[in-house]
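All remarks here apply to the structure that follows.
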Amino acid sequence: MTEDVIRKGTKSELLLQDEVFTDALQQLQDMQIFKWKTSLPDETAKREQAWLMIQVIDNLRTELKKMVDNGWIERKKLERSGKLKGI
């Protein structure tokens, strides 16, 4: 369990540092903001969908950051206990 949390944290950190991944997320978010800004007054559904997509993108970033933090915490626990074995 602990090793899995550390592994996921490491992979999540790599994703958050990956230029292609972060650029793709930013482009998706920018596209949704553009849809929202250019929607007509009667296009409520279009604005709501754009808002929902922005929330999903933010939630993805938050979950990845949580995995990074959890991995870091587990790694520190293992280091303190002297049980860290080349993870």
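Quick one: net charge around MET31, please, counting Lys, Arg +1 and Asp, Glu -1 for every other residue with C-beta under 13 Å from its C-beta.
Computed value for this residue: +1.
Could you work out the helix-only [θ] at 222 nm for the chain, with each DSSP H run of four or more residues adding -39,500 (n - 2.57) and the total divided by the number of residues, to the nearest 500 deg cm²/dmol?
-30000 deg cm²/dmol
Under 22 Å Cα to Cα from LYS65, which lysines show up? Leave out anything in the same chain fewer than 8 places away.
Partners found: LYS8, LYS11, LYS76, LYS77.
Could you tell me whether the range 2-80 comes out rounded, prolate or oblate from its Cα gyration tensor? Rule is a ≥ b ≥ c as square roots of the eigenvalues, rounded for a/c under 1.5, then prolate if a/b exceeds b/c, otherwise oblate.
Because a/c hits 1.5 or more and a/b exceeds b/c, the range 2-80 counts as prolate.
Once you sort the root eigenvalues of the Cα gyration tensor of the range 23-66 as a ≥ b ≥ c, which label holds: rounded (a/c under 1.5), prolate (a/b larger than b/c) or oblate (the other case)?
oblate
Describe numerically, in nm with one decimal, the distance between label points set 7 Å from Cα along Cα→Cβ at ASP30 and at GLN17.
Label-label distance for ASP30 and GLN17, simple model: 2.4 nm.
None of the figures in this text is laboratory data; all of them are computed from the coordinates on show. On a predicted model such as this, the values are computed, not experimentally measured, just so you know. In this analysis, Cβ positions are derived from the backbone assuming ideal geometry, glycine residues included, and neighbour counts consider all displayed protein chains.
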